[in-house]
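Quick notes on the structure that follows.
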Amino acid sequence: MFEKLQERLEATFKKLRGYGKLTEDNIKETLREVRVALLEADVNFRIAKEFLEKVKEKALGEDVLMSVTPGQQFIKIVYDELCELLGATNKPLDVSGSPPVSIILVGLQGSGKTTTAGKLALVLRKKGRRPLLVPSDIYRPAAIEQLTKVGKQLNIPTFAVPQLKEPLAICKEAKAYAMKNGFDTMIVDTAGRLHINDEMVNELVDQKKFLNPRETLLVLDAMTGQDAVSIAGTFDAKLGVDGVILTKLDGDTRGGAAISIKAVTGKPIKFIGIGEKFDALEAFYPERMASRILGMGDVVSLVEKAQEVFDERQAKDLERKLRKDEFTLEDFKDQIKQMKKLGSLESIVTMFPGFNKVKGMINFSEAEKDIKRVEAIINSMTMKERAHPNIIDGSRRVRISKGSGTSVNDVNNLLKRYMEARKMMKKLTKGGMKGLQRQLFMR
Amino acid sequence: MGLFEKIKNGLAKTRDQLVTQIEWVISGKPVDESVFDEIEEAIILSDAGLETTEILMTSLKERWKRGQVKTSEDVKKVMSEEVERMLSGVEVPATANSGKPFVILCIGVNGVGKTTTIAKIANIYAAAGKKVLLGACDTFRAAAIEQLQTWADRLRIDVVKHAEGSDPAAVAFDATKAAKARGIDVLILDTAGRLHTKANLMEEMKKVKRVVGKELEGAPHETLLVVDATNGQNAIAQAKTFNEALSITGIVITKLDGTAKGGFLLPIAHSLKIPVRYVGVGEKIDDLIPFSAKEFSRALFE
């Protein structure tokens with residue numbers, strides 16, 4: 001995500017680090033490169049221009065020239081300005097008011113509204129809400145079936161009545177149904193439409209008038225080019241938009257659209273879509289995104305996510321076990337389970353700075369399969385074997401490999417890796433970090 | 001409505017924006033160096049990318065120095081000529097004669113309009129009296145099969161399909177086999193949208209292609225990449241990566257009826273030289289027209 005922009009900026013900053021201080025001349029060159037980076041990232045031409053003027057103004061001021069490391073100072077200025085452009089704070093979803101509260105998703109064709117509706121329903125259910133999915137795309141073939149299937153997959157009710165052939169009528173009936181059946185939130189999916197198609201936009205205006213939604217969310221493809229400004233601007237002007245959901249950010253799009261729409265509409269980006277699975281919707285944090293752009297990685301995100309899923313008591317328990325050298329295969333499996341709660345390997349890895357460079361080299365689906373294999377192998381062991389791996393002899397290995405649908409070689413590999421991990425952890429607890437570092441780097 | 005009229009309408013907003021800006025810049029004033037910045041802006045706003053913008057600007061400036069560009073009409077003419085020159089090599093109309101059944105594999109990132117485009121292409125061939133069959137290889141997205149089926153019902157053509165979640169390569173295999181057995185002229189395979197950065201999904205698509213090729217030598221005869229005109233520079237990355245993995249033989253650009261300009265077609269044509277087959281200009285079944293470099297540039301700069 002934002003990788004290419006990040007790479008470009010990184011290269012630019014590297015160049016900058018070579019100088020002792022910033023001069024008008026080398027700022028000029030750097031600014032030009034930042035401009036190229038922004039434009040190649042699809043940041044709107046005019047937004048990029050404004051941005052650069054601001055950065056230039058600040059960079060030429062004393063605070064830059066007086067700083068000890070001009071490169072760092074410059075990163076700070078670019079970072080601050082990017083943060084300001086992207087918005088100061090994260091704005092959570094507003095579902096206040098008397099139920100059923102409506103959220104309506106609008107956007108161009110193919111931006112990902114229906115998938116996002118499912119993801120959003122999942123987010124709301126996690127927050128303890130009782131969402132109802134309302135498909136109102138009567139135009140695209142099988143659009144209503146699509147949301148209905150999504151609802152079924154997620155076990156979230158969908159209001160689909162084939163007899164209703166008009167979006168406004170669907171909204172009316174759905175609201176009555178929600179009230180009667182105790183749904184507190186309605187997520188209304190709408191047909192994709194062009195922002196310049198007045199007839200179609202007016203249809204949305206009618207739906208909005210009736211629903212009086214707390215949130216009218218524009219779903220926008222993160223790969224959108226210069227036109228993002230006109231799409232977001234027009235939807236906002238004609239319909240009134242409360243926020244934006246940026247989709248398909250898991251690709252290699254440079255994502256400049258984020259900067260453009262925020263600057264033009266002033267409306268917050270509330271969520272980002274980062275995958276095809278239904279839990280791949282994240283809150284948008286401007287600071288984190290700006291850090292990401294600048295190559296600082298998204299360590300904050302990872303730390304918070306880790307805190308969320310790691311049970312502190314379990315962690316202490318593990319520490320005690322490690323100290324006493326009681327780390328069993330069962331614990332090993334627990335660790336894998338904890339890791340999986342963090343998300344897919346790919347999404348975890350992208351949160352680390354510098355990982356963009358290796359991302360393309362790792363086959364994540366293979367790595368995920370590997371983890372599944374390990375789990376299967378451990379699951380095929382008896383409790384005794386998990387606690388005392390030393391007793392696993394040849395015939396036990398054959399049995400385990402059969403039980404887990406793997407080969408004896410796989411089982412051997414796992415046991416070898418487990419023994420190594422155990423050795424490593426022993427060193428870690430004995431010699432602390434220094435011991436581990438020595439182990440890793442001094443051999 | 002004639003072909004030229006249609007593409008002109010489809011591109012009207014694109015053209016208006018660019019032309020208005022150029023005219024606004026030039027009206028009443030003699031063309032001098034100061035107007036170049038703003039012309040450059042107009043090209044960048046079309047998503048043509050910096051490299052292409054530079055090429056166009058260099059050529060414009062050279063001709064201006066030689067005294068060939070004096071008025072706004074000259075600017076348009078020069079631009080139009082340059083764009084046409086860049087695109088003329090990729091204007092290669094689609095044909096379906098090099099195999100029977102002629103197999104078209106449609107690929108692209110999520111939400112570009114693959115299924116709708118397939119329906120439109122099917123309609124073109126069916127109207128020409130060809131026997132068309134569709135293969136529903138998007139077994140991943142919810143109701144993708146139903147979406148294709150609905151179109152097929154409207155066009156009265158058959159679909160080969162499996163259950164949702166099944167192996168897309170298996171569907172492709174069955175569809176190819178069925179096409180051979182039933183004497184089909186054109187088989188079009190719909191596939192799940194995938195971001196070009198997902199290594200595993202690209203492998204899956206390679207397998208689909210391999211399987212089709214094994215069942216029918218030379219197939220797929222056309223590997224068609226569908227790109228969304230609304231996209232920016234990422235469309236270039238899509239074209240490059242899909243081409244490296246799957247050797248694209250044709251491109252369709254969709255959603256040109258909006259305000260987006262699809263200028264990325266210029267760098268794609270310039271660097272990859274892959275034929276652009278069709279242009280999508282609306283939601284109706286006949287809103288797909290053959291790509292024409294001359295009319296594309298004429299509609300942009302006339």
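What are the pairs, 6+ residues apart or on separate chains, where a residue within region A:217-238 that is on the phi > 0 side of the Ramachandran plot and within 7 Å of another protein chain (Cβ to nearest Cβ) has its Cβ under 9 Å from a residue that is open to solvent by 10 Å² or more (accessible area, probe 1.4 Å) and modelled with pLDDT under 95?
none
Which residues, taken from region A:80-115, are part of a helix (DSSP H, G or I), touching a helix residue (DSSP H, G or I) at 6+ places or on another chain (Cβ under 6 Å) and either at pLDDT below 95 or among the hydrophobic types (A, V, I, L, M, F, W, C) (or both)? Step through it out loud before you land on a result.
As a first pass, look at region A:80-115 and keep what is part of a helix (DSSP H, G or I): A:80-86, A:113-115.
Keeping just the survivors that are touching a helix residue (DSSP H, G or I) at 6+ places or on another chain (Cβ under 6 Å) gives A:81-83, A:85-86, A:114.
Passing the criteria: A:E81, A:L82, A:C83, A:L85, A:L86.
Give the residue, chosen from A:K180, A:K165, A:K208, that is among the basic types (K, R) and within 33 Å of the chain's Cα centre (by Cα).
On the way: A:K180 fails: within 33 Å of the chain's Cα centre (by Cα); A:K165 fails: within 33 Å of the chain's Cα centre (by Cα).
That would be A:K208, the only listed residue that is among the basic types (K, R) and within 33 Å of the chain's Cα centre (by Cα).
Taking region A:126-160, which residues are without any contact (Cβ under 8 Å) to a residue 12 or more places away in the chain and either in a strand (DSSP E or B) or open to solvent by less than 60 Å² (accessible area, probe 1.4 Å) (or both)?
Result: A:P141, A:A142.
Here's a check for you: in region B:45-58, which residue that is among the hydroxyl-bearing types (S, T, Y) and crowded, with 17+ Cβ neighbours inside 10 Å is nearest to B:D228 (Cα to Cα)?
Taking region B:45-58 first, the residues among the hydroxyl-bearing types (S, T, Y) are B:46, B:52-53, B:58.
After this cut, where a residue has to be crowded, with 17+ Cβ neighbours inside 10 Å as well, the list is B:46, B:52-53.
Working: B:S46: 13, B:T52: 19, B:T53: 20 Å.
If we take residues in region B:45-58 being among the hydroxyl-bearing types (S, T, Y) and crowded, with 17+ Cβ neighbours inside 10 Å, then B:S46 is nearest to B:D228 (Cα to Cα).
Which pairs do you get when a residue that is more than 9 Å from chain B (Cβ to nearest Cβ) and in a helix (DSSP H, G or I), found in region A:39-56, comes within reach of a residue that is open to solvent by 10 Å² or more (accessible area, probe 1.4 Å) and among the basic types (K, R), reach meaning Cβ atoms under 7 angstrom, with the pair 6+ apart or on two chains?
A:A48/A:R35; A:L52/A:R35
Determine if region A:245-254 includes at least one residue that is farther than 29 Å from A:L154 by Cα and open to solvent by less than 30 Å² (accessible area, probe 1.4 Å). It would help to see each step written out before you state the result.
Of the residues in region A:245-254, the ones farther than 29 Å from A:L154 by Cα are A:254.
Still in the list and also open to solvent by less than 30 Å² (accessible area, probe 1.4 Å): none.
No: region A:245-254 contains no residue that is farther than 29 Å from A:L154 by Cα and open to solvent by less than 30 Å² (accessible area, probe 1.4 Å).
Scan region B:120-145 for residues that are over 24 Å from A:T116 (Cβ atoms) and in a helix (DSSP H, G or I) and report the count.
Residues in region B:120-145 being over 24 Å from A:T116 (Cβ atoms) and in a helix (DSSP H, G or I): 8 in total.
Hey, could you check region B:34-49 for residues that are over 22 Å from B:L256 (Cβ atoms) and of a type outside the set (V, I, T) and say which is farthest from the other protein chains (Cβ to nearest Cβ)?
Among them, the one singled out is B:S34.
For the structure I just gave you, tell me whether B:N243 is free of Cβ contacts under 8 Å to residues at least 24 places away in the same chain and under 30 Å from A:L39 (Cβ atoms).
Details: free of Cβ contacts under 8 Å to residues at least 24 places away in the same chain: no; under 30 Å from A:L39 (Cβ atoms): yes.
Answer is no for this residue.
List the residue pairs whose Cβ atoms are under 7 Å apart, where the first residue sits in region B:212-233 and is closer than 14 Å to B:A169 by Cβ and more than 14 Å from every other protein chain (Cβ to nearest Cβ), the second is basic (K, R) and open to solvent by less than 10 Å² (accessible area, probe 1.4 Å), and the two are 6 or more positions apart or on different chains.
none
Is it fair to say B:I104 is more than 14 Å from chain A (Cβ to nearest Cβ) and in contact with a Pro (Cβ under 9 Å, 6 or more places away or on another chain)?
Details: more than 14 Å from chain A (Cβ to nearest Cβ): yes; in contact with a Pro (Cβ under 9 Å, 6 or more places away or on another chain): yes.
Against the criterion (more than 14 Å from chain A (Cβ to nearest Cβ) and in contact with a Pro (Cβ under 9 Å, 6 or more places away or on another chain)), B:I104 qualifies.
On the given criteria, is A:G118 at pLDDT 95 or above, open to solvent by less than 40 Å² (accessible area, probe 1.4 Å), assigned by TED's automatic domain parsing to the domain that holds A:E276 and assigned to a loop (DSSP other than H, G, I, E, B)?
Numbers: at pLDDT 95 or above: yes; open to solvent by less than 40 Å² (accessible area, probe 1.4 Å): yes; assigned by TED's automatic domain parsing to the domain that holds A:E276: yes; assigned to a loop (DSSP other than H, G, I, E, B): no.
Considered against the rule, which asks whether it is at pLDDT 95 or above, open to solvent by less than 40 Å² (accessible area, probe 1.4 Å), assigned by TED's automatic domain parsing to the domain that holds A:E276 and assigned to a loop (DSSP other than H, G, I, E, B), A:G118 comes out as no.
Tell me the residue from B:A172, B:A152 that is touching a Cys at 6+ places or on another chain (Cβ under 6 Å) and part of a helix (DSSP H, G or I), please.
When all the criteria are applied, what remains is B:A172.
Please work out if A:P162 is away from chain B (no Cβ under 14 Å) and farther than 24 Å from A:L239 by Cα. Reasoning before the result, please.
On the way: away from chain B (no Cβ under 14 Å): no; farther than 24 Å from A:L239 by Cα: yes.
No: the conditions fail for A:P162.
Restrict the check to region B:283-298 and report whether at least one residue is of a type in the set (A, V, I, L, M), assigned to a helix (DSSP H, G or I) and surrounded by fewer than 23 Cβ atoms within 10 Å (Cβ to Cβ).
Of the residues in region B:283-298, the ones of a type in the set (A, V, I, L, M) are B:285, B:288-289, B:293.
Next cut, assigned to a helix (DSSP H, G or I) only: B:293.
This time we only want the ones that are surrounded by fewer than 23 Cβ atoms within 10 Å (Cβ to Cβ), so: B:293.
Within region B:283-298, one or more residues are of a type in the set (A, V, I, L, M), assigned to a helix (DSSP H, G or I) and surrounded by fewer than 23 Cβ atoms within 10 Å (Cβ to Cβ).
Residues in region B:214-235: is at least one in a helix (DSSP H, G or I) and within 16 Å of A:D252 (Cβ to Cβ)? Reasoning before the result, please.
Quick first cut of region B:214-235, residues in a helix (DSSP H, G or I) only: B:214-215, B:234-235.
The next check asks that each one be within 16 Å of A:D252 (Cβ to Cβ); those that pass are B:234-235.
Taking every residue of region B:214-235 in turn, at least one turns out to be in a helix (DSSP H, G or I) and within 16 Å of A:D252 (Cβ to Cβ).
Mind checking which residues of region B:262-280 are in a loop (DSSP other than H, G, I, E, B) and open to solvent by 20 Å² or more (accessible area, probe 1.4 Å)?
Answer for region B:262-280, where residues must be in a loop (DSSP other than H, G, I, E, B) and open to solvent by 20 Å² or more (accessible area, probe 1.4 Å): B:K273, B:P275.
Among A:R422, A:R399, which is the only one that is more than 24 Å from B:N200 (Cα to Cα) and touching a residue at least 40 places away in the same chain (Cβ under 8 Å)? Spell out the reasoning first.
Working: A:R399 fails: touching a residue at least 40 places away in the same chain (Cβ under 8 Å).
So the residue among A:R422, A:R399 that is more than 24 Å from B:N200 (Cα to Cα) and touching a residue at least 40 places away in the same chain (Cβ under 8 Å) is A:R422.
In a helix (DSSP H, G or I), over 16 Å from A:R193 (Cα atoms) and in contact (Cβ under 8 Å) with a residue 40 or more places away in the chain - does that describe any residue in region A:245-257?
Of region A:245-257, the ones in a helix (DSSP H, G or I) are A:256-257.
Next, only the ones that are over 16 Å from A:R193 (Cα atoms) stay: A:256-257.
Now narrow it down to the ones that are in contact (Cβ under 8 Å) with a residue 40 or more places away in the chain: A:256-257.
Checking region A:245-257: at least one residue is in a helix (DSSP H, G or I), over 16 Å from A:R193 (Cα atoms) and in contact (Cβ under 8 Å) with a residue 40 or more places away in the chain.
Taking region B:55-101, which residues are part of a helix (DSSP H, G or I), in contact with a Lys or Arg (Cβ under 7 Å, 6 or more places away or on another chain) and touching a residue at least 40 places away in the same chain (Cβ under 8 Å)? Don't jump to the end; show me each part of the working.
Pass one, region B:55-101, residues part of a helix (DSSP H, G or I): B:55-65, B:72-88.
If we keep only those that are in contact with a Lys or Arg (Cβ under 7 Å, 6 or more places away or on another chain) as well, we get B:78, B:80, B:84.
Hits for region B:55-101 are B:S80, B:E84.
Would you mind finding the one in A:V264, A:V229 that is aliphatic (A, V, I, L, M), open to solvent by 10 Å² or more (accessible area, probe 1.4 Å), in contact with a Ser or Thr (Cβ under 6 Å, 6 or more places away or on another chain) and more than 19 Å from A:T116 (Cα to Cα)?
Details: A:V264 fails: in contact with a Ser or Thr (Cβ under 6 Å, 6 or more places away or on another chain).
Only one candidate qualifies: A:V229.
The values are calculated or read from the model by the stated rules, or taken from the named source; none is laboratory data. All values derive from a computational prediction rather than experimental measurement. Cβ: placed from backbone, ideal geometry, glycine included. Neighbour counts: every protein chain shown. Just so you know, the surface numbers come from the protein's heavy atoms only, side chains and all, with ligands and any DNA or RNA stripped out. Shrake-Rupley method; radii C 1.70, N 1.55, O 1.52, S 1.80 Å.
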